[in-house]
Amino acid sequence: MSLLEVRDLRVAYGAIEAIKGISLDVEEGQVVTLIGTNGAGKTTTLRTLSGLLRPVAGQVLFDGARLDKLKAHEIVARGVAHAPEGRRIFPLMTVEENLELGAYSRKGEAIAQDVAEVFERFPRLHERRAQKAGTLSGGEQQMLAIGRALMSRPRLLMLDEPSMGLSPIMIQLIFDTVAELKAAGTTILLVEQNASAALALADTGYVLETGRVVLTGTGPDLLTDENVRKAYLGED
Amino acid sequence: MTAALLDRVATSAERLRSHGTRLSPSLAAAAFVLVVVGTNLPWATFSGFPGLMSLALYPAGSRIYVLALAPALALVAVRFSRRRQAGLAATLALLAVVVQTIIAIARDGGGLVNVSVGAWVTLLGALLGVAAFVALPDDGAPLPRSWPVLPALVEALAVVFAVAASLALLVYALDVEAPSQFVGFLLALGGGLVALNRLGLFEWLGALYARRQALTLVLMAAAAVTFPFTQGGSSYWLRVAANVGVFAAAAIGLNVVVGLAGLLDLGYIAFFGVGAYVAALYGNAGLGPSRGHLPFLAVIVLGALVSGLVGVLIGAPTLRLRGDYLAIVTLGFGEIFHTLVNTYDAYTGGPNGLSNIPDLRQGSFDFGLPHTVFGVELAGFANYYYLELVLVALVMFVFARLNASRIGRAWVAIREDELAASAMGINTVSYKLLAFGIGATLAGASGTVQAHVATQVSPDSFVFLQSVFLLAAVVLGGMGTVPGAVVGAAILIAVPEKLRAFSDYRLLLFGLLLVILMRFRPEGMIPSRRRQREFHDADGADALSAPPGSAVA
Ligand SMILES: Nc1ncnc2c1ncn2[C@@H]1O[C@H](COP(=O)(O)OP(=O)(O)O)[C@@H](O)[C@H]1O
Ligand SMILES: [Mg+2]
């Protein structure tokens with residue numbers, strides 16, 4: 001049984017259906033990536049999984065239990081963390097306060113230790129721990145967003161376009177971080193437009209187009225797939 | 001041609017500046033002498049102008065304001081940056097008061113001939129004073145970025161003094177009868193405040209308050225408790241103070257909703273009204289259909305609960321929506337409440353309201369009667385005043401506990417980014433509802449007391465404008481802090497009362513005051529540390545949040 005199973009999920013904004021029935025699986029310890037162009041429905045999918053949007057139809061099973069009827073805070077409490085698109089850190093709080101809020105769903109214990117762990121992973125955040133998060137650079141904010149999501153000790157970490165708008169060096173750093181997390185056994189659902197880097201990391205990839213899954217395969221397979229190379233890797 | 005002219009003006013201004021340091025002290029000294037002499041001479045040829053303006057050697061009325069600004073002339077002698085700005089603010093205000101008074105005297109007396117020599121001498125002094133600062137070069141040592149730390153008691157006393165002084169000023173303002181003199185007062189006060197702000201006084205006070213919060217509050221409480229003993233049995237100021245207390249408690253409650261949770265409630269006064277009507281209908285007035293006579297404590301609790309319940313009923317469907325909708329719905333609720341109490345006159349007395357609400361009674365203790373404590377007679381209003389103190393203290397306690405709690409952190413997160421807060425596992429709907437309900441409950445509780453302090457309730461006391469004033473009290477005083485709400489509430493009582501004289505322009509003036517304050521001090525007069533950080537990006541990060549020894553890049 002997969003850790004996360006999505007069955008025929010449909011999501012609509014008013015009368016407009018943005019997700020037209022998608023299914024996907026995430027195995028424990030795997031990195032699964034969801035790629036697709038702008039507007040394909042990647043963000044909508046993640047937001048539905050984390051309870052920020054309600055599906056019209058379909059099922060989400062996490063560890064065998066239904067998630068799709070639960071509220072966002074209940075889903076976080078079950079171990080699904082979501083680092084939203086555009087980072088969405090709390091700009092006026094300090095870096096440290098942001099991290100502490102990431103642990104909001106947990107009760108008390110060992111939070112300081114986990115903050116220290118995040119600082120160990122991202123030394124730049126440690127240097128800036130008392131600084132307002134809004135004054136960080138884009139890459140640092142993304143580190144903070146990932147660190148904050150990790151603070152809930154998730155069993156599934158969902159990242160929405162962590163490389164968006166970053167410099168090549170920062171993108172490399174973020175993907176290195178994802179690789180490290182994978183090596184440490186974290187289960188990750190990674191949404192990306194940067195298809196080559198995402199597929200290179202992923203165990204499984206899903207290609208999304210206008211609300212439908214049009215292609216599935218292992219990361220290496222998709223990376224060499226001719227259609228994928230044409231459409232997403234800018235080759236012709 | 002014009003370019004050449006501009007050039008010459010620029011060079012002569014330059015020259016004036018370079019002579020400034022030499023010239024300014026003499027100008028300022030001359031200005032000071034002229035102002036002191038001028039204010040001691042008569043300003044009007046006729047008697048009857050407010051402030052006894054026809055008398056010599058008796059500086060009263062607007063002449064006092066002029067004299068109060070005069071010490072600012074000494075700023076020319078101190079070398080530090082911003083002295084020019086501060087001095088200009090003060091002297092321009094001084095000039096404005098003189099000009100405004102001259103115009104008022106001429107208007108009342110029927111022409112400039114009725115303006116006496118004193119006014120002209122002072123005008124000359126004011127002009128020289130402005131010139132002294134215009135000529136001053138804009139240099140000098142910068143103001144210190146962080147002030148020396150003084151003994152705790154001294155710092156706390158400074159804040160208490162500042163709050164007491166602002167309350168006293170307000171109370172004084174309430175007492176100024178003549179419109180022309182009141183305008184003079186406002187001009188002088190405005191100029192003085194801008195000058196003090198330029199000198200960093202408020203920054204300093206804000207820092208002191210943040211550093212010595214606990215001690216400051218203890219001292220304030222002590223000052224508040226002793227206040228009635230200084231009144232010699234008179235109830236006048238106690239009545240004012242009790243009113244301020246009522247609205248301060250309500251403002252702190254609104255501060256939970258607006259300041260902590262970031263929800264805009266435009267109908268808050270209606271919750272206050274619910275409490276007031278509950279007290280009138282079920283309290284010892286026995287005005288309700290049941291002719292009930294609940295004991296007072298039961299009425300406070302009942303008023304608070306009913307109001308809180310109404311709050312939850314209104315909030316539950318609305319708080320799921322985006323923030324703007326809440327503002328609209330609360331606005332509508334306020335109007336509905338007003339219409340309801342206006343219409344259902346069988347219960348509420350309709351537009352006349354319910355009057356003759358008797359004094360509170362708890363057991364055998366009658367709140368309307370004077371009592372003698374420690375051999376000092378306290379007027380009847382002292383009882384209400386103390387009741388208000390207890391209520392404010394209680395509300396402050398609730399506020400402080402909430403602010404420091406897990407709930408408080410959730411509110412901050414919701415205020416900053418609701419979607420992110422929800423992704424962190426915060427139940428945003430419940431927390432918003434909680435804030436809304438707590439606010440309504442606190443408003444209801446203070447409303448019950450208000451009914452007895454005012455001895456009547458009527459629909460017109462609970463209109464949109466009152467909600468706006470309460471909101472303004474919170475914003476003026478400083479969102480998210482307690483003394484801020486108290487000072488704001490005092491202003492709330494004083495300003496509308498005073499601006500009655502200009503009833504046509506009342507809202508315009510009030511709006512102007514708000515705009516000016518928001519321009520120069522958006523975080524309010526006594527801001528919370530967090531607010532200060534929110535409004536002052538650049539300096540906030542390093543000045544406030546960096547613990548010593550941390551490496552901030
Ligand atoms: N709040 C919204 N209201 C209406 N339509 C939306 C909203 N958000 C996204 N959409 C639409 O849903 C589709 C999928 O969007 P999104 O999930 O953001 O795509 P992606 O993340 O893959 O770029 C797009 O057609 C987009 O226009
Ligand atoms: Mg997206």
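Here are the criteria: (1) within 11 Å of chain B (Cβ to nearest Cβ); (2) surrounded by fewer than 23 Cβ atoms within 10 Å (Cβ to Cβ); (3) away from ligand 2 (no atom under 16 Å from the Cβ); (4) of a type outside the set (Lys, Arg). Tell me which single one residue A:52 does not satisfy.
Unmet for residue A:52, out of (1) within 11 Å of chain B (Cβ to nearest Cβ); (2) surrounded by fewer than 23 Cβ atoms within 10 Å (Cβ to Cβ); (3) away from ligand 2 (no atom under 16 Å from the Cβ); (4) of a type outside the set (Lys, Arg): (3).
Table: residues versus (1) modelled with pLDDT of 80 or more; (2) farther than 30 Å from residue B:210 by Cα; (3) open to solvent by less than 20 Å² (accessible area, probe 1.4 Å); (4) not charged (D, E, K, R).
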| position | (1), (2), (3), (4) |
| --- | --- |
| B:329 | yes, yes, no, yes |
| B:373 | no, yes, no, yes |
| B:395 | yes, no, yes, yes |
| B:412 | yes, no, yes, yes |
| B:429 | yes, yes, no, yes |
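Can you find, within segment B:164-178, the residue that is modelled with the highest pLDDT among those that are touching a Phe, Trp or Tyr at 6+ places or on another chain (Cβ under 9 Å) and open to solvent by less than 60 Å² (accessible area, probe 1.4 Å)?
B:178
Mind counting the residues in segment A:183-195 that are over 14 Å from the mean Cα position of the chain (by Cα) and surrounded by fewer than 17 Cβ atoms within 10 Å (Cβ to Cβ)? Break it down into steps so the answer makes sense when it comes.
At the first step, the residues of segment A:183-195 found to be over 14 Å from the mean Cα position of the chain (by Cα) are A:183-185, A:195.
Narrowing further to those that are surrounded by fewer than 17 Cβ atoms within 10 Å (Cβ to Cβ): A:183-185.
The number of residues fulfilling the criteria is 3.
Scan segment B:189-216 for residues that are in contact (Cβ under 8 Å) with a residue 24 or more places away in the chain and farther than 20 Å from residue B:488 by Cα and jot them down.
B:195, B:198, B:199, B:200, B:211, B:212, B:215
Answer yes or no as to whether residue A:73 is away from ligand 1 (no atom under 12 Å from the Cβ) and in a helix (DSSP H, G or I).
Working: away from ligand 1 (no atom under 12 Å from the Cβ): yes; in a helix (DSSP H, G or I): yes.
Yes: the conditions hold for residue A:73.
Please state which one of A:40, A:83 is at the interface with chain B (Cβ under 10 Å from one of its Cβ atoms), closer than 26 Å to residue A:142 by Cβ and either touching a strand residue (DSSP E or B) at 6+ places or on another chain (Cβ under 7 Å) or open to solvent by 40 Å² or more (accessible area, probe 1.4 Å) (or both).
Values: A:40 fails: at the interface with chain B (Cβ under 10 Å from one of its Cβ atoms).
Of the residues listed, the single one that is at the interface with chain B (Cβ under 10 Å from one of its Cβ atoms), closer than 26 Å to residue A:142 by Cβ and either touching a strand residue (DSSP E or B) at 6+ places or on another chain (Cβ under 7 Å) or open to solvent by 40 Å² or more (accessible area, probe 1.4 Å) (or both) is A:83.
Return the total of residues in segment A:107-121 being within 14 Å of chain B (Cβ to nearest Cβ) and either farther than 22 Å from residue B:405 by Cβ or in contact with a Phe, Trp or Tyr (Cβ under 6 Å, 6 or more places away or on another chain) (or both).
Counting residues in segment A:107-121 that are within 14 Å of chain B (Cβ to nearest Cβ) and either farther than 22 Å from residue B:405 by Cβ or in contact with a Phe, Trp or Tyr (Cβ under 6 Å, 6 or more places away or on another chain) (or both) gives 1.
Taking the residues in segment A:3-35 that are of a type in the set (Gly, Ala, Ser) and open to solvent by 40 Å² or more (accessible area, probe 1.4 Å) as candidates, determine which candidate is nearest to ligand 1 (Cβ to nearest atom).
The first filter runs over segment A:3-35 and keeps only residues of a type in the set (Gly, Ala, Ser), leaving A:12, A:14-15, A:18, A:21, A:23, A:29.
Filter once more, so that each one left must be open to solvent by 40 Å² or more (accessible area, probe 1.4 Å): A:14-15, A:23.
Numbers: A:14: 7, A:15: 10, A:23: 17 Å.
Among them, the one singled out is A:14.
Determine, yes or no, whether residue A:92 is within 16 Å of ligand 2 (Cβ to nearest atom) and free of Cβ contacts under 8 Å to residues at least 60 places away in the same chain.
On the way: within 16 Å of ligand 2 (Cβ to nearest atom): no; free of Cβ contacts under 8 Å to residues at least 60 places away in the same chain: yes.
Considered against the rule, which asks whether it is within 16 Å of ligand 2 (Cβ to nearest atom) and free of Cβ contacts under 8 Å to residues at least 60 places away in the same chain, residue A:92 comes out as no.
Being away from ligand 2 (no atom under 16 Å from the Cβ), of a type in the set (Gly, Ala, Ser) and more than 14 Å from chain B (Cβ to nearest Cβ) narrows it down to one of A:18, A:57, so name that one.
Details: A:18 fails: away from ligand 2 (no atom under 16 Å from the Cβ).
Step by step, each of A:18, A:57 is checked, and only A:57 is away from ligand 2 (no atom under 16 Å from the Cβ), of a type in the set (Gly, Ala, Ser) and more than 14 Å from chain B (Cβ to nearest Cβ).
Run residue A:183 past the list (1) in contact with an Asp or Glu (Cβ under 6 Å, 6 or more places away or on another chain); (2) under 23 Å from residue A:139 (Cβ atoms) and report the number of the one that doesn't hold.
Of the numbered conditions (1) in contact with an Asp or Glu (Cβ under 6 Å, 6 or more places away or on another chain); (2) under 23 Å from residue A:139 (Cβ atoms), the odd one out for residue A:183 is (1).
Say whether the condition of being over 22 Å from residue B:463 (Cβ atoms), open to solvent by less than 20 Å² (accessible area, probe 1.4 Å) and over 29 Å from the mean Cα position of the chain (by Cα) is met by at least one residue in segment B:250-266. Spell out how you get there, then give the answer.
Our first condition is that a residue be over 22 Å from residue B:463 (Cβ atoms); within segment B:250-266, this holds for B:256, B:259-262.
The next check asks that each one be open to solvent by less than 20 Å² (accessible area, probe 1.4 Å); those that pass are B:256, B:259-261.
Pick out the ones that are also over 29 Å from the mean Cα position of the chain (by Cα) and you get none.
No: zero hits.
Write out, first by first residue and then by second, each pair whose Cβ atoms fall under 9 Å of each other, whose residues are 6+ apart or on separate chains, and whose first residue, in segment A:207-223, is within 14 Å of chain B (Cβ to nearest Cβ) and open to solvent by 80 Å² or more (accessible area, probe 1.4 Å) while the second is modelled with pLDDT of 95 or more and away from ligand 2 (no atom under 16 Å from the Cβ).
Note: no pairs meet the criteria.
Which of the residues spanning segment B:407-428 are under 30 Å from the mean Cα position of the chain (by Cα), facing another protein chain (nearest Cβ under 8 Å) and more than 11 Å from residue A:89 (Cα to Cα)?
Residues of segment B:407-428 under 30 Å from the mean Cα position of the chain (by Cα): B:407-417.
Cutting the leftovers down to facing another protein chain (nearest Cβ under 8 Å) gives us B:409-410, B:412-413, B:416-417.
Answer for segment B:407-428, where residues must be under 30 Å from the mean Cα position of the chain (by Cα), facing another protein chain (nearest Cβ under 8 Å) and more than 11 Å from residue A:89 (Cα to Cα): B:409, B:410, B:412.
Within segment B:98-142, which residues are closer than 16 Å to residue B:87 by Cα and either crowded, with 19+ Cβ neighbours inside 10 Å or at pLDDT 90 or above (or both)?
Once the filter is applied, which keeps residues that are closer than 16 Å to residue B:87 by Cα and either crowded, with 19+ Cβ neighbours inside 10 Å or at pLDDT 90 or above (or both), segment B:98-142 yields B:125, B:126, B:127, B:128, B:129, B:130, B:131, B:132, B:133, B:135, B:136.
Can you tell me which residue among A:161, A:180, A:140 is within 12 Å of chain B (Cβ to nearest Cβ) and either open to solvent by 30 Å² or more (accessible area, probe 1.4 Å) or among the charged types (D, E, K, R) (or both)? Break it down into steps so the answer makes sense when it comes.
Working: A:161 fails: within 12 Å of chain B (Cβ to nearest Cβ); A:180 fails: within 12 Å of chain B (Cβ to nearest Cβ).
When all the criteria are applied, what remains is A:140.
The values are calculated or read from the model by the stated rules, or taken from the named source; none is laboratory data. Predicted, not measured: the structure shown is a model, and the values here were computed from it. Because the Cβ atoms are built from the backbone with ideal geometry, glycine has one as well, and the counts that use them run over all protein chains shown. The accessibility values were calculated without ligands, DNA or RNA, using every heavy atom of the protein model including side chains. Shrake-Rupley method; radii C 1.70, N 1.55, O 1.52, S 1.80 Å.
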